[in-house]
C-alpha cells in the first residue's frame, strides 16, 4: 500500500470521506482501530502522483482543482509538504510554480511550503522574501509572507528587509499588515525558543513610527504585546512617544496597552501622568487609566485620583479600583473583570 494511504491515524477521517463509506459522527466512533473503507486513497490521485514525485503531486492537485474536490485538495496539500520535506530544491521548485499560478492553486503551494523543514533553508527564505518584495500581485505577496511565519528566527538582514517592506509607501495596506504580522509571529517563535525579543520589537516600533497607515502602526504595536516579555529602555521610550503624539486614537490606545508591560512600572506611570492632560479622547484616557492599573496595581491609585480630579468622568473608575484593591484583590486579571465600564469604549 502507498505510504500516504497507510497513515490512517492522521488522515483517516479524510480518507473515509474520500472512500465509499461515510464517516461516523465523532461521538459514535468505536474505540477500536477504525477500519479502512474498501476504496482506500481516492479516485486515482495517488496512482497519478506516486511514480512522479513533485510533478505527480502537481498533476493530482490540478486534477482535484478541476473537479473542485476540496477533500482531495486538503490531502494533497499535506502530501505536497511531505514530498518537499527537508529538500530546499524541491521547495524552490514549488515556489516557482506558485510565482506564476493563480488562486486557488497558488496559495495551496505556499501553504504546503510553509509547513516543511525546507522553508527554513536560506535560499527558500530569500525566495519568499523576494516574492513578497517584487511580485505585482498583492495575493502572492501576502501568501509569501505567511509562508515565512514558521521561521524559528530572522537574521538581522532579513529583519531589515521586511521592515523596509512594511514601510514602503506604495505597498498595499493589507500586504504591509501581513509583513508586520510575520515579523511579530517570528518574534514570538524566537522568544519562546530563546527569549530573544528586542531586535524584533525595535523593528516593529520603527514601522509604527514611520508608516503612513494607522492600521499598520496599530498592528505593529499590537504584535509587540504577544510575547510575554517586559518592555524597557528605548522601546518603552518609543511607545511613550507614540502614546503622546500619534494622530490616530487607536494607535495611542494600543501604545498604552503595550506600555503596561514595561519593566519599570514607575516610568510607565510617569509617562501616563505626562500624556493624560494633553489627551482629548475619552476612550484613550480610559485606556491610560486601566493600563496604569495593569502596570502598577494598587500603586497606580494615587495617579488615578489625580486623573479623576482632572476629569470628573473618571471619579467612579478611581472609586471602583480602590474598592477592589481595598478588598484584597491584587491580580489585575481578577480585578478588571469585576470592574464596571462607565465609558462607551470597546475596552
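The values are calculated or read from the model by the stated rules, or taken from the named source; none is laboratory data. What you are looking at is a predicted structure, and each value in this text was computed from that prediction instead of being measured. A quick note on method: Cβ atoms are made from the backbone with ideal geometry, for glycine too, and the neighbour counts reach across all protein chains shown.
Laid out as a table, the results:
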{"quantity": "Residue match in region 230-240 (condition: outside any helix (DSSP H, G or I), under 22 Å from residue 264 (Cα atoms) and in contact with a strand residue (DSSP E or B) (Cβ under 6 Å, 6 or more places away or on another chain))", "calculated": "yes"}
{"quantity": "Out of 270, 331, sole residue that is in the same structural domain as residue 255 (by TED's automatic domain parsing) and either over 28 Å from residue 248 (Cβ atoms) or in contact with a strand residue (DSSP E or B) (Cβ under 9 Å, 6 or more places away or on another chain) (or both)", "calculated": "331"}
{"quantity": "Candidates 133, 206 - the one that is assigned by TED's automatic domain parsing to the domain that holds residue 97, part of a helix (DSSP H, G or I), surrounded by fewer than 21 Cβ atoms within 10 Å (Cβ to Cβ) and in contact (Cβ under 8 Å) with a residue 12 or more places away in the chain", "calculated": "133"}
{"quantity": "Tally of residues being in contact with a helix residue (DSSP H, G or I) (Cβ under 8 Å, 6 or more places away or on another chain) and surrounded by 13 or more Cβ atoms within 10 Å (Cβ to Cβ) across region 326-347", "calculated": "9"}
{"quantity": "Verdict on residue 245 being farther than 16 Å from residue 162 by Cα, modelled with pLDDT under 95 and surrounded by fewer than 21 Cβ atoms within 10 Å (Cβ to Cβ)", "calculated": "no"}
{"quantity": "Given (1) more than 14 Å from the chain's Cα centre (by Cα); (2) not assigned by TED's automatic domain parsing to the domain that holds residue 211, index of the condition residue 143 fails", "calculated": "(1)"}
{"quantity": "Residue in region 171-187 that is outside any helix (DSSP H, G or I) and surrounded by fewer than 24 Cβ atoms within 10 Å (Cβ to Cβ) present", "calculated": "yes"}
